[in-house]
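Working notes for the structure below.
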Amino acid sequence: MKTSMQNKEKMNQIIAKALADEAFKTELKKHPREVLAKHGIQVPANVKLEILENTDNFKYLVLPGLNAASIAAGDCVFSCYPSLTN
């Protein structure tokens, strides 16, 4: 079973590749579930998945969906995102 840290490392690798490779980013946006699966991250079928990208004129602020179990398990970790004002 993959740990939360292993999945975070894989996600960081996927994000880095998407930033460096336009074709990969396009594929990730079109078929996120399949691309993630190819990289060892399984997303349950009942989970809706959407890839969003900040631009110079449009920024997304994503609020984490936290519950008591995830907080107790220590999964309440805030990721570093570029400033909304950049």
Original post:
So which pairs qualify, if the first residue must be in region 31-51 and free of Cβ contacts under 8 Å to residues at least 60 places away in the same chain and of a type outside the set (A, V, I, L, M), the second must be surrounded by 12 or more Cβ atoms within 10 Å (Cβ to Cβ) and outside any helix (DSSP H, G or I), the Cβ gap must be under 6 Å, and the two must be at least 6 apart or on different chains?
Top reply: P32/I51; R33/V43
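Name the helices (runs of 4 or more DSSP H) wholly within the chain that hold at least 3 residues that are at pLDDT below 90?
4-20, 68-72
The values are calculated or read from the model by the stated rules, or taken from the named source; none is laboratory data. Keep in mind the model is a prediction, meaning the values are calculated, not measured. Here the Cβ is made from the backbone with ideal geometry for all residues, glycine too, and neighbour counts use every protein chain on show.
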